[in-house]
Amino acid sequence: MLRQYFEMKSRVPDAILFYRMGDFYEMFFEDAKDAAPLLGIALTRRHRDSDIEAPMCGVPHQSVDHHIAKLVAAGRKVAICDQVEDARAARGLVRRDITRVVTPGTVLDPESLVPDVPSYLAALAPGEAEWGVAFLDLSTGRFHAGAVRSARVPDVLALFRPREILLPEKGEAPVSAAPLSRRDSAWWKAAGKAFPHAEAILRGPGRSAAAAALTYASEMRPGGVAHVASPSPLAFDERMGLDASAVATLELFESSDGVTSRSLFATLDRTRSPLGARALREALAHPSLDAVELEARWDAVDELVRCQEAAQTLQAALEEVGDLERRFARVAMGAAGPREVAALAGGLQAIPAVVEAGRALTAGLLRSLFESMPDTRDCVECVASALAPDPPVLASAGGVIREGADAELDSLRTLRRDAQSALLAIEARERQRSGISSVKVRFNRVFGYSLEVGNAHKDRIPADWIRKQSLANAERFVTPALKELEEKILNAEDSIAGIEARLYAELLATLAKAAGRVAKTAAAVAQLDLLASHAEVARAGRWVRPRLCTTPRLSISDGRHPLVERLRREEPFVPNDTDLSPDHRILVVTGPNMGGKSTYLRQVATIVLLAQAGSFVPAARAELSLVDRIFTRVGAADYLSRGESTFMVEMLESAAILREATPRSLVILDEVGRGTSTFDGLSIAWAMLEYLHDTSEKAGFVLFATHYHELTEIALVKPGVVNATMAVREIGGRVVFLRKVIPGTADRSYGIQVAELAGLPGEVTGRAREVLANLEKQELDVQGAPVIARRKGESAGSGQFLLFSAEEELALERLRGLDIDQMTPLAALSLLAALQSRLKGK
């Protein structure tokens, strides 16, 4: 047995081997040591304290999927080694083989899958300028592949969020929480040769990655992956670009603290099926750049908003469909149990009701979706004619095939029923003949059928009874008649099991032929569910249809942040306007801490993303031109594992924005430069704003929130820059945040007042006011050290702490750098007033 075990283990060295022994799956040696704590089961040992001591643990075969799910969730691979030979017919050791390998990226078991989340395996083929990337969801058959620039690999991973990444043995590992699987170069070459038919679809590294993903999935699932569609080209640049920072900043799929229920997805999700929920994720991760597509989607949502009764009828019908994609995938791969097949048929049976619910709807996209669903009634009839009305969970449990489906099966079942009556007749006859009233017919898997008699009656045993087994308090016997009947029963049981297995496999194979039709039906259901969900959200939240502009424009009236509005119900959400155009395309937002600057910036980006995802938007009015990418630079954290400080992360992300932004991009910058000293940070922020203003190929829309109030002066010399601030009122020493964006600039940050609201001790905030007063006077002591080191009442030196040298020097420098020909009279007067005010010490 151990020789057989080690042979199987050598084939899957990186997996935990579940080795079938009778009614249990056993794990041995290091696998047992790894698995026991993850599964919460006892670690035992065979041959304890000997030179062949073997650590081991095991789980019952009935609950194996539950335990596999636990290990997969922990990022481990599991190989299933089953008995592939009848133990009763085996001569010597029962033959075993690995029937499947379950990895985080190839899992099919519903217990291991989140219904509304795709389960992608990513294959990456590293290159110099480009990487080949492929994303295969084996649970649905969805397959995408192509090539992306190496710098964009983290972004595409953030959007697809794979559960496992396949890489060459020496390939560079990207930053990702997903577990890695590696294969050597010979394996990658062989995989490419095994996948020649993709040549017409994909080229270069994309083809290599696609071949690797499909080959790896086929190895993990020896039963085949026939349900997987041909890889669709990964048109990464044909959809709105979202980098990893934008996905996190806009909290698309989880909040900043990792809670999925506080995400934008959770706010929008009113879908009625897992199909629709996954379509919503797809829409948020890959917003459209196609004006025709968006208008068609908005037309559909508009009609569903207006026709509320029809929309509700449609949603009720969609609720009965269930997860067609994943159920069918398990059917196509031979992994579905009878009850799953029945559920698939039930979902297909609900499709006519979906179509009927849409008869009153006329929007072009809705009509095309209803008409695109093929007829699948034959699949429903096939299941109904073969499967028992209330089938078991496992095919091995028996009773899978309905009465009347197969004549031979029916006759064997009749024989089995008659045999049970015959057993009771033998029991009654032998009781009467022997005079022993306690005689019972018993069955044992090893010894078969027998007559059991207590030891108290041993002296009354008839002479023709043959002893078969001795127990502690009883004896078991067999008679010629019982032996003959046993053979009939056991042969019938074996034949019934064999016929049921054959008929069930034929049913799965027949259903698998409908892969194309089921895929089209599932795709249409997903989109209908998504559109109906958009309509429900729009109706409930008073959202409006966006309007597309052919010229660059971003104009929003009374815009709201949907996630903040939903979660912070203790106070009414204050809506705000946005108006950006080529003449005023950079908005510098100042204001106090907790005044709402960050919410406002995210709100604008979220509204743009929602519009291009095909949704209505939370506003009174929204006009926008299509945005090719949303960039965000908000907050920062040290990447200790990569040796990168907060400021380095900030600068890397800022550099990417300045490098990648286009005239059609939306750039959100929040507190750039705060990761370093005040002077350095302000200088960098100033230079970035000037660069984004002056460089025509970067001339997109920019929202820049800052506490560097000096940046507001850029608006005096750069016509495309405008200032806004968050309104605030100070009443009796208390700060009241009005959350309203108004034109102008802020003169204070109210940081100390916010500290008081947070509960900082009075002596700390009092001392902070002293230090702030000194800093605002810009005094230095005699040694040139800042006044921050002194206490109240101590003397100060006569020096002055200036930002850009003396005020006069600053004024002269500003005047020298002016391009008067490019200034409007109003801008010139405003600049002169500002310089004069500064020189007078105001």
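The values are calculated or read from the model by the stated rules, or taken from the named source; none is laboratory data. The structure displayed is predicted, hence computed values, not measured ones. Here the Cβ is made from the backbone with ideal geometry for all residues, glycine too, and neighbour counts use every protein chain on show. In case anyone asks, the SASA skips ligands and DNA or RNA and just uses the protein heavy atoms, side chains included. Shrake-Rupley method; radii C 1.70, N 1.55, O 1.52, S 1.80 Å.
Name every residue in segment 424-461 that is within 16 Å of residue 485 (Cα to Cα), hydrophobic (A, V, I, L, M, F, W, C) and open to solvent by 40 Å² or more (accessible area, probe 1.4 Å), in order of residue number.
Once the filter is applied, which keeps residues that are within 16 Å of residue 485 (Cα to Cα), hydrophobic (A, V, I, L, M, F, W, C) and open to solvent by 40 Å² or more (accessible area, probe 1.4 Å), segment 424-461 yields 424, 425, 428, 443, 447.
Does residue 697 meet the test of being of a type in the set (D, E, K, R) and either assigned to a helix (DSSP H, G or I) or surrounded by 19 or more Cβ atoms within 10 Å (Cβ to Cβ) (or both)?
yes
Got a sec? Which of 255, 263 is touching a Lys or Arg at 6+ places or on another chain (Cβ under 7 Å), open to solvent by less than 30 Å² (accessible area, probe 1.4 Å) and modelled with pLDDT of 85 or more?
255
Anything in segment 466-481 that is under 23 Å from residue 422 (Cβ atoms) and either open to solvent by 70 Å² or more (accessible area, probe 1.4 Å) or among the aromatic types (Phe, Trp, Tyr) (or both)? List them, or say none.
466, 467, 477, 480
Can residue 637 be described as surrounded by 19 or more Cβ atoms within 10 Å (Cβ to Cβ) and either modelled with pLDDT under 90 or under 22 Å from residue 293 (Cα atoms) (or both)?
Criteria not met by residue 637.
Return the residues of segment 574-598 that are touching a Lys or Arg at 6+ places or on another chain (Cβ under 9 Å) and touching a residue at least 60 places away in the same chain (Cβ under 8 Å); say none if nothing qualifies.
574, 576, 580, 582, 586, 589, 590, 591, 592, 595, 596
Can you tell which of 492, 474 is over 30 Å from residue 396 (Cβ atoms) and at pLDDT below 90?
Residue meeting the stated conditions: 474.
Taking the conditions exactly as written (in a helix (DSSP H, G or I) and either touching a residue at least 40 places away in the same chain (Cβ under 8 Å) or within 22 Å of residue 525 (Cα to Cα) (or both)), does residue 345 satisfy them or not?
It is true that residue 345 is in a helix (DSSP H, G or I) and either touching a residue at least 40 places away in the same chain (Cβ under 8 Å) or within 22 Å of residue 525 (Cα to Cα) (or both).
Consider residue 277 against the criteria (1) part of a helix (DSSP H, G or I); (2) open to solvent by less than 40 Å² (accessible area, probe 1.4 Å); (3) in contact with a helix residue (DSSP H, G or I) (Cβ under 7 Å, 6 or more places away or on another chain): it satisfies all of them except one. Which criterion is unmet?
Of the numbered conditions (1) part of a helix (DSSP H, G or I); (2) open to solvent by less than 40 Å² (accessible area, probe 1.4 Å); (3) in contact with a helix residue (DSSP H, G or I) (Cβ under 7 Å, 6 or more places away or on another chain), the odd one out for residue 277 is (3).
For segment 431-450, name all the residues that are among the hydrophobic types (A, V, I, L, M, F, W, C) and either in contact with an Asp or Glu (Cβ under 6 Å, 6 or more places away or on another chain) or at pLDDT 90 or above (or both).
Those that are among the hydrophobic types (A, V, I, L, M, F, W, C) and either in contact with an Asp or Glu (Cβ under 6 Å, 6 or more places away or on another chain) or at pLDDT 90 or above (or both): 439, 441.
Take the residues in segment 741-752 that are in contact with a strand residue (DSSP E or B) (Cβ under 7 Å, 6 or more places away or on another chain) and open to solvent by 70 Å² or more (accessible area, probe 1.4 Å); name whichever of them is nearest to residue 769 (Cα to Cα).
Result: 745.
Against the conditions (1) at pLDDT below 90; (2) within 28 Å of the chain's Cα centre (by Cα), where does residue 667 fall short? Just the number, please.
It fails just one condition, (1).
Are any residues in segment 700-714 buried (at least 21 other Cβ atoms within 10 Å of the Cβ) and among the hydrophobic types (A, V, I, L, M, F, W, C), and if so, which ones?
Correct list: 701, 702, 703, 704, 705, 711.
Just checking, does segment 133-148 include any residue being open to solvent by 20 Å² or more (accessible area, probe 1.4 Å), in contact (Cβ under 8 Å) with a residue 24 or more places away in the chain and within 18 Å of residue 183 (Cβ to Cβ)?
no
With respect to residue 337, determine if the residue is on the phi > 0 side of the Ramachandran plot and open to solvent by less than 50 Å² (accessible area, probe 1.4 Å).
no
Going residue by residue through segment 244-255, is there one that turns out to be in a loop (DSSP other than H, G, I, E, B), free of Cβ contacts under 8 Å to residues at least 12 places away in the same chain and closer than 30 Å to residue 617 by Cβ?
Yes, the conditions are met somewhere in segment 244-255.
Which of the residues that make up segment 356-368 are crowded, with 16+ Cβ neighbours inside 10 Å and at pLDDT 95 or above?
Residues satisfying the conditions are 365, 366.
Inside segment 541-562, can you point out the residues that are within 31 Å of the chain's Cα centre (by Cα), loosely packed, with under 15 Cβ neighbours inside 10 Å and either acidic (Asp, Glu) or closer than 17 Å to residue 580 by Cα (or both)?
547
Could you list all residues from segment 300-326 that are open to solvent by 20 Å² or more (accessible area, probe 1.4 Å), touching a Lys or Arg at 6+ places or on another chain (Cβ under 9 Å) and of a type in the set (Val, Ile, Thr)?
Within segment 300-326, 305 is the sole residue that qualifies.
Looking only at segment 753-766, filter to residues that are under 42 Å from the mean Cα position of the chain (by Cα) and either at pLDDT 85 or above or within 17 Å of residue 598 (Cα to Cα) (or both); which one of those is most open to solvent (accessible area, probe 1.4 Å)?
Per the criteria, the residue is 760.
Tell me which strands (runs of 3 or more DSSP E) are completely within segment 430-532 and hold 2 or more residues being in contact (Cβ under 8 Å) with a residue 24 or more places away in the chain, touching a helix residue (DSSP H, G or I) at 6+ places or on another chain (Cβ under 7 Å) and more than 30 Å from residue 227 (Cα to Cα), or say none if there are none.
Answer list for segment 430-532: 448-454.
Pairs, please: C-beta under 9 Å, at least 6 apart or cross-chain, first residue modelled with pLDDT under 90 and in segment 21-47, second among the aromatic types (Phe, Trp, Tyr)?
So the pair list comes out as 46/28.
Could you check segment 121-172 for strands (runs of 3 or more DSSP E) lying wholly inside it with 1 or more residues that are β-branched (Val, Ile, Thr)?
In segment 121-172, 130-137, 142-149, 164-168 are the strands (runs of 3 or more DSSP E) which contain 1 or more residues that are β-branched (Val, Ile, Thr).
Give me the pairs, please: first residue somewhere in segment 754-776 and under 14 Å from residue 734 (Cα atoms), second residue anywhere and of a type in the set (Ser, Thr, Tyr), beta-carbon distance under 8 Å, and either six or more positions apart or on two chains.
755/765; 756/765
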